[in-house]
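Written out below as structure tokens is the structure these notes cover.
Read-outs: derived from the displayed coordinates by stated rules, not from any lab. For clarity, every value in this text was computed on a predicted model and none was experimentally measured. Because the Cβ atoms are built from the backbone with ideal geometry, glycine has one as well, and the counts that use them run over all protein chains shown.
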Protein chains: 2
Amino acid sequence: MDTKITQIRMSDYPGNRAPREIWQTTHDALPELRDGQVAARIDFVSIDPGMTGWITDKRGYMPPVRAGSVMRAFGVGEIIESRSDNLAVGDWITGFLGVRSHGVFNDKDVRPIAVEMAPPELFLSGLGMTGYTAYFGMMDIGRPQPDETVVVSAAAGAVGSMAAQLAKNAGARVIGIAGGAEKCRYLTETLKLDAAIDYKSENIGARLDDLAPNHIDLYYDNVGGDILDLALERMKYRGRIVVCGAISQYDKETPQGPANYLQIVMQSIKMQGFTMRDYMHRVPEAVQELSVGLKDGSLICRQHILQGLDSFPDGFEMLLAGANEGKLLIRVDHQSA
Amino acid sequence: MDTKITQIRMSDYPGNRAPREIWQTTHDALPELRDGQVAARIDFVSIDPGMTGWITDKRGYMPPVRAGSVMRAFGVGEIIESRSDNLAVGDWITGFLGVRSHGVFNDKDVRPIAVEMAPPELFLSGLGMTGYTAYFGMMDIGRPQPDETVVVSAAAGAVGSMAAQLAKNAGARVIGIAGGAEKCRYLTETLKLDAAIDYKSENIGARLDDLAPNHIDLYYDNVGGDILDLALERMKYRGRIVVCGAISQYDKETPQGPANYLQIVMQSIKMQGFTMRDYMHRVPEAVQELSVGLKDGSLICRQHILQGLDSFPDGFEMLLAGANEGKLLIRVDHQSA
């Protein structure tokens, strides 16, 4: 097969540069398959906050992408050629397929998805890492209880919106923080959260004081920075903070540490982080729970789909700016490729 | 009784001033007792890091000391007059007795101590809040396991030295961080820790890399600041951080938040604070465990005893500077009073 493939590579670590300067598109031949490998046409590529960690050479939860390599990304695709005993042509797979139109993978590095259950792209959003991250972070670490006050930052984002709905479905009072009136309307009107705070136009601290006069039982943090400090100041005694991410800090050379972190002592707070590495063995549980909610409408998963691999640099900036509305995906354009 | 008593009052919140300007000594008459009250001669007053939180008007784990009031402090003393059904003249008590030579207390605000078991001042150090804080922080939250690598900051300090020994006795490899060669020698030679790092003369990060090449399982933090960041960078996956205090930050208007806190996500770390409020019901357990260790010599509790209430302002500065060697106490001078 002499398929011409499009790939987006990271030419160098960005350091202090704007990350968009590091992306480079190449057109290559699809490599020959070896035994145990499959070739796939990739239909959707996922743009995730985790990428910011993969393009630095700091110690992270995964080895960094090497300069010159194809950018790492989750994707879904259909197998078009197979020398694997486990995966056949026509099967759909997900995993780190990369920012590219096609790729060759070892069969043990990818896993099949049940596209008869849901459209393939949902395995990159509500039924993918996004959904699992929301599910385990909120339900296994956060453990919201009925009538507790739960605050979620970046609540209109991919993970935040799922996490907020899961807390709401568990009976908690949920306050979402998001940027802009439209996102806030989405939180209260579509997702039925109890309240929303617009961090772009409102005084977050004053609004939290109004909405949570008895303080916060559980804070699910996706943003870090000032909002984390404002939440720390308002945690209930023995409150819990789930540290899922810090989108406000990923583009900073030195992140802003939470100046109010001593509230962890004063209020006997537990602050916990996690990565999906802790939970891969429990993915079937998440898929089960999430697919029920997504089917019966008690969980809504919004997707923001960009067209074509060329949109990747813009999409990555959009993610950092919080300009996307829902899980950010690229639909790979196989017509014009 | 017309006992003349000496009291040290906080005249105002220090704000940005050096705290020593706010202390004021007064000589007052001992108030008349009401029913249910006792009067005590106070023999020892404890100087604790927690005091820094009591002299700000920020939200803390206790209400702040009010301007003009006698400074709050733990103490031990003997009852010299009683209108209580529960406490008699000659009984010894502990509690928030204040920085003063004598005081009148409601009997339910103090508790008796068994001075036949140990000298009274030990109930302010190894068998007091210091010991309990080390015990519950290390053994209930930290839970060191055999062969784990445990790092303790301010390891020659009152709480740190007890916490480090408890981890060592639990079978962990314990690295203590302290300021100065003498303190470091104390850690390895007297307390038998596995290693000590002198933060005043050594490169802490490089030494941690040498001593804990496979990273840190458990970090018991008493100091905050740069050392917390250096530890965060070197935590093992699923490592635990016990946040006991941040002596390096208490005199700062805006504390330095840990810039490396995103390691909490990357390394799936649990960072937990606590106050003794969570554990008051379990104090007998701590007294039992600690008194066995203090008796058989497997726990060593060093005390740094200052003479006379007038030494309080110096003692408080000494604590902030880490200049004390062991639990800082004042022996009240009743001869010259």
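Using a Gaussian network for chain B with springs between C-alpha atoms less than 10 Å apart, which of these wobbles most: B:M71, B:M139, B:M117?
Maximum fluctuation in the GNM of chain B, among the listed residues, is at B:M117.
Given a cut-off of under 8 Å on Cα pairs at least six residues apart, what relative contact order in percent is computed for the range A:254-337? Don't jump to the answer; show the numbers that get you there.
Numbers: 51 pairs, mean separation 19.6, N = 84.
Reported relative contact order: 23 percent.
Between the label point of B:P146 and that of the same position in each other copy, find the distances and list them shortest first in nm, with every label point placed 7 Å from Cα along the Cα-to-C-beta direction.
4.5
Nearest 20 debye, what's the magnitude of the dipole of the protein assembly as shown about its Cα centre given +1 on Lys and Arg Cβ and -1 on Asp and Glu Cβ? Kindly include the intermediate steps, with their values, before the conclusion.
Numbers: 68 positive and 86 negative charges, 31 e Å.
For the protein assembly as shown, the charge dipole is close to 140 debye.
If you average the alpha carbon positions of the range A:217-264 and of the range B:101-132, how far apart do those two centres end up, in angstrom?
Comparing the Cα centres of the range A:217-264 and the range B:101-132, I get a distance of 38 Å.
Under the definition of Cα pairs under 8 Å and six or more residues apart, what whole-number percent is the relative contact order of the range A:129-277?
On the way: 304 pairs, mean separation 32.0, N = 149.
Across the range A:129-277, relative contact order equals 21 percent.
Considering only DSSP beta bridges with both partners in the protein assembly as shown, what is the antiparallel share in %, to the nearest 5? Each step should come with its number before you reach the end.
Details: 67 of 119 bridges.
Expressed as a percentage, antiparallel bridges in the protein assembly as shown total about 55.
Let me have the relative contact order for chain B, percent, based on Cα pairs under 8 Å that are six or more residues apart. If you can, show how the numbers build up before the last one.
Details: 730 pairs, mean separation 55.3, N = 337.
So the answer I get is 16 percent.
Using the Cα gyration tensor of the range A:230-325, with a ≥ b ≥ c the square roots of its eigenvalues, what is the shape: rounded (a/c below 1.5), prolate (a/b larger than b/c) or oblate (neither)? Kindly include the intermediate steps, with their values, before the conclusion.
Numbers: a/c = 2.22, a/b = 1.27, b/c = 1.75.
It is oblate, given that a/c is not under 1.5 and a/b is not larger than b/c.
Can you divide the C-alpha Rg of the protein assembly as shown by 2.2 N^0.38 Å and report the result to two decimal places? List each step's numbers first, then the result.
Details: Rg = 29.3 Å, N = 674, 2.2 N^0.38 = 26.1 Å.
It is 1.12.
Could you order the peptides B:173-181, B:194-202 from most to least packed, using the average number of other C-beta atoms within 10 Å per residue? Kindly include the intermediate steps, with their values, before the conclusion.
Values: B:173-181: 23.4, B:194-202: 18.3.
Sorting B:173-181, B:194-202 by mean packing, highest first, produces B:173-181, B:194-202.
Using the 7 Å Cα-to-Cβ label point, sort the distances from B:K192 to its equivalents in the other copies shortest first and give them in nm to one decimal.
6.3
Hey, if you put +1 on the Cβ of every Lys and Arg and -1 on every Asp and Glu Cβ in chain B, which of B:I177, B:I141, B:S82 ends up farthest toward the positive end of that dipole?
So the residue we want is B:I141.
Which one, A:T130, A:V223, A:I197, is farthest towards the positive end of the dipole of the range A:129-277 when Lys and Arg carry +1 and Asp and Glu -1 on their Cβ?
Of A:T130, A:V223, A:I197, it is A:T130.
Give, rounded to the nearest 20 debye, the magnitude of the charge dipole that chain A has about its Cα centre when Lys and Arg contribute +1 at Cβ and Asp and Glu contribute -1 at Cβ.
Details: 34 positive and 43 negative charges, 116 e Å.
Around 560 debye, computed over chain A.
Can you give me the long-range amide H partners of B:I216? Hydrogens built in the peptide plane at 1.01 Å from N, cutoff under 5 Å, separation of 5 or more residues or another chain.
Correct list: B:M235, B:K236.
In debye, nearest 20: dipole of the range B:129-277 around its Cα centre with unit charges on the Cβ of K, R (+) and D, E (-)?
Around 400 debye, computed over the range B:129-277.
Given a 10 angstrom Cα cut-off, can you work out which residue in A:L166, A:L33, A:L122 is the most mobile in a GNM of chain A?
Among A:L166, A:L33, A:L122, the largest GNM mean-square fluctuation belongs to A:L33.
Give me a single rounded figure for B:222-229: the average over its residues of other chain Cβ atoms within 10 Å of their Cβ.
Details: counts 0, 0, 4, 0, 0, 0, 2, 2.
Across B:222-229, the average partner-chain Cβ count within 10 Å equals 1.
If you take the square roots of the eigenvalues of the alpha-carbon gyration tensor of the range A:129-277 and sort them as a ≥ b ≥ c, do you get rounded (a/c under 1.5), prolate (a/b over b/c) or oblate?
Numbers: a/c = 1.13, a/b = 1.12, b/c = 1.01.
Because its axes are fairly even, with a/c under 1.5, the range A:129-277 counts as rounded.
Compare A:V76, A:V89, A:V152 in a GNM of chain A, Cα atoms joined below 10 Å, and give the one with the largest fluctuation.
With Cα springs under 10 Å in chain A, the top fluctuation among A:V76, A:V89, A:V152 is at A:V89.
Look at the axis of the rotation that sends chain B onto chain A, then give the chain B residue with the nearest Cβ and the distance in whole Å.
Result for the axis mapping B onto A: B:G257, 1.
For the range A:91-104, what does the Karplus curve 6.51 cos²θ - 1.76 cosθ + 1.60, with θ = phi - 60°, yield as ³J(HN,Hα) per residue in whole Hz, taken in order and with x for Gly and Pro?
Couplings: 5, 9, 9, 9, x, 7, 7, x, 7, 6, 7, 8, x, 10 Hz.
Count, for each residue of A:248-261, the Cβ atoms from other chains sitting within 10 Å of its Cβ, then give me the mean as a whole number. List each step's numbers first, then the result.
Values: counts 0, 3, 1, 0, 1, 0, 3, 6, 3, 12, 5, 7, 5, 12.
Neighbouring Cβ atoms belonging to other protein chains average 4 per residue here.
Quickly rank A:290-301, A:50-61, B:239-250 as a protection proxy: mean count of other C-beta atoms within 10 Å, highest first.
Details: A:290-301: 15.8, A:50-61: 17.9, B:239-250: 24.2.
Highest to lowest by the protection proxy: B:239-250, A:50-61, A:290-301.
Between copies, how close do the A:P313 label points come, placed 7 Å along Cα→Cβ, listed in nm from shortest?
Label-point distances to the other copies, shortest first: 6.4 nm.
Once a ≥ b ≥ c are taken as the square roots of the eigenvalues of the Cα gyration tensor of chain B, is the result rounded (a/c under 1.5), prolate (a/b larger than b/c) or oblate (a/b not larger than b/c)?
It comes out prolate by the Cα gyration axes.
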